[in-house]
Structure formats: structure tokens, C-alpha cells
Amino acid sequence: LAASLAANAVAVLSAGDIAKAVGTAGWAGKAWMSLTSAFAGLKIMNTLRDLTSNTLINVSCDTGSTGTSAYVYNQPPVGSTTSASVRIYNTAGTPGAVTGTLYAENGSVLGVANVALGTVAANGVLSQSQSNIATLVGASSWTGRAWMQVNSSVSGLKVLGFTKQTTKMDMSCVETDSAFVIPSPNNGQDQPIIRIYNPSGTVGDVTATLYDPTGVALGTSNLKLVANMAPRSVAIFN
């Protein structure tokens with residue numbers, strides 16, 4: 001695909017480049033590609049450009065490693081102005097059955113837990129809209145943004161969660177211990193929403209320290225931001 005890629009170099013490929021390289025005219029739906037390299041440290045960024053708005057979108061993030069469990073975040077309620085979909089990838093060489101449990105922001109199960117979402121073919125993809133997921137679990141709708149734990153019968157699970165208003169956006173990326181790019185509350189341009197998830201089954205506090213761009217702590221350090229956060233619940237801050 002990229003012969004003798006130089007040290008520290010980048011190779012940029014269009015869909016046409018890839019089709020020509022593998023010897024196909026095209027394909028139906030959204031394909032995916034497995035890559036290997038003769039060097040350590042290979043990184044791949046997959047971007048899509050919305051030709052209507054000329055917006056470049058990074059769709060590289062997934063919420064599972066090569067294991068059998070993954071999380072899907074920020075699923076809007078059915079019937080809202082924001083639509084959503086989940087794409088479940090099976091990178092294993094054997095078919096895998098996937099199940100899901102949908103959680104409300106307070107941590108309660110929406111509908112029925114561990115519902116069968118379908119079987120994903122070896123190296124295949126299963127796409128489910130939030131309305132399909134709601135039907136499968138038996139939840140007509142919900143308040144706020146739900147999240148879902150997905151489990152697979154085979155290792156190699158990868159999951160992408162998308163929401164769309166005018167442009168489809170990847171909502172899969174999360175950080176384990178930091179929230180970056182927080183504008184001041186008197187900023188009139190950017191409005192951040194920080195969503196903190198507790199996917200565990202344990203109650204616990206969440207503490208935080210806010211830093212300015214020079215590294216100086218703002219206000220109270222090690223503040224108890226969320227006290228006794230319930231299992232599988234979500235805390236939301238502007």
C-alpha cells in the first residue's frame with residue numbers, strides 16, 4: 001500500500017488510491033481496512049470530508065481495543081433532532097454474536113439488559129441506529145444521552161458511535177483522566193459540555209483540578225467534583 005515509507009513520513013491515500021491498489025472498482029456501503037507495517041509505531045488517521053459543508057471529520061476513534069467489550073457514548077433519545085448510529089466491527093476471523101446493555105444517565109438499565117444486537121460476520125460490520133437499538137432493548141426513548149456497553153462472543157471487537165445533526169460526527173473518543181480544551185465561561189464562541197462516565201459497578205467520588213494555559217491551578221485544587229457517583233451513571237458539566 002505504501003512502499004518504503006520513509007522514517008517519520010506520512011502517506012496520504014484517497015478511496016480511489018486504495019481501490020486501485022487492491023484492484024477493485026468500488027464497493028457498497030462503508031468498507032474497512034486492516035493494515036500492518038514492517039516498522040514499529042504505525043498510526044492511521046481516517047478522515048472524512050463533508051463536501052456540502054467542506055468540514056473535515058476525524059473518524060479514527062473506537063471505544064474498544066482488541067477485546068470482547070466496548071462502550072458507546074452519547075446516544076441521543078429517539079425522536080430528537082440529533083440522529084445516531086453505532087457501527088460494530090468484528091476484526092476476528094470467525095463470526096461473533098454481540099449483545100448490548102443500554103444505560104440512562106442515572107445508571108439505570110433502559111429496557112432489557114444483554115440484548116442480542118446481531119451476529120457480525122468474520123471481518124464484517126454491523127450497523128444499528130438508535131431507533132433500532134431502542135426497539136431491540138425495549139425502550140421507547142430516554143431523557144438526555146444514553147450510553148451502551150457492547151459485548152462480543154469473539155475477541156477483536158471495535159465500535160464507533162456517531163451522531164448527526166447536519167454533519168455526522170464521531171462520538172467515540174474519551175479520555176481516562178483529563179478533560180482538554182475548556183474555554184472560559186465568558187467565552188462567546190465555544191461552548192463545551194464535559195460528560196463524566198462511571199462505567200464500573202462501584203460508587204465513588206470524582207475529584208478535579210483546573211489549570212490555566214500556563215500551568216497554574218485555578219480556584220480549588222483536588223475539588224470533589226462529583227460525590228458518590230452512582231455506578232454506570234453520567235455527570236454533566238458546562
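Could you tell me whether region 191-203 includes any residue that is touching a residue at least 60 places away in the same chain (Cβ under 8 Å) and hydroxyl-bearing (Ser, Thr, Tyr)? Yes, the conditions are met somewhere in region 191-203. Out of Gly111, Gly107, I need the residue that is in contact with a Pro (Cβ under 7 Å, 6 or more places away or on another chain), of a type outside the set (Phe, Trp, Tyr) and at positive phi. Which one? Going through Gly111, Gly107 in turn, just one is in contact with a Pro (Cβ under 7 Å, 6 or more places away or on another chain), of a type outside the set (Phe, Trp, Tyr) and at positive phi: Gly107. Filtering region 106-147 to residues that are touching a helix residue (DSSP H, G or I) at 6+ places or on another chain (Cβ under 7 Å) and touching a residue at least 40 places away in the same chain (Cβ under 8 Å) leaves Ser140, Ser141. For beta carbons closer than 9 Å, sequence separation of 6+ or different chains, a first residue in region 27-50 that is of a type in the set (Asp, Glu) and a second that is in a loop (DSSP other than H, G, I, E, B), the qualifying pairs are Asp50/Thr166; Asp50/Thr167.
Restricting to region 90-132, name every residue that is closer than 25 Å to Ile196 by Cβ and out of contact with any strand residue (DSSP E or B) (no Cβ under 9 Å at 6 or more places or on another chain). Across region 90-132, the qualifying residue is only Ser108.
Take Ser85 and decide whether it is open to solvent by 40 Å² or more (accessible area, probe 1.4 Å), in contact (Cβ under 8 Å) with a residue 40 or more places away in the chain and among the hydroxyl-bearing types (Ser, Thr, Tyr). So Ser85 does not fit the description; no. For Gly96, the criteria (1) modelled with pLDDT of 95 or more; (2) farther than 23 Å from Lys30 by Cβ; (3) open to solvent by less than 60 Å² (accessible area, probe 1.4 Å) hold in every case but one, which is (2). State whether the residues of region 26-49 include one that is of a type outside the set (Lys, Arg), touching a Lys or Arg at 6+ places or on another chain (Cβ under 8 Å) and within 30 Å of Gly100 (Cα to Cα). Within region 26-49, one or more residues are of a type outside the set (Lys, Arg), touching a Lys or Arg at 6+ places or on another chain (Cβ under 8 Å) and within 30 Å of Gly100 (Cα to Cα). The test for being within 16 Å of the chain's Cα centre (by Cα) and either among the acidic types (Asp, Glu) or surrounded by fewer than 18 Cβ atoms within 10 Å (Cβ to Cβ) (or both) does not hold for Val112.
The values are calculated or read from the model by the stated rules, or taken from the named source; none is laboratory data. The shown structure was predicted, so the numbers you read here are calculated from the model rather than taken from an experiment. Because the Cβ atoms are built from the backbone with ideal geometry, glycine has one as well, and the counts that use them run over all protein chains shown. Note: areas computed on protein heavy atoms with side chains; ligands, DNA, RNA excluded. Shrake-Rupley method; radii C 1.70, N 1.55, O 1.52, S 1.80 Å.
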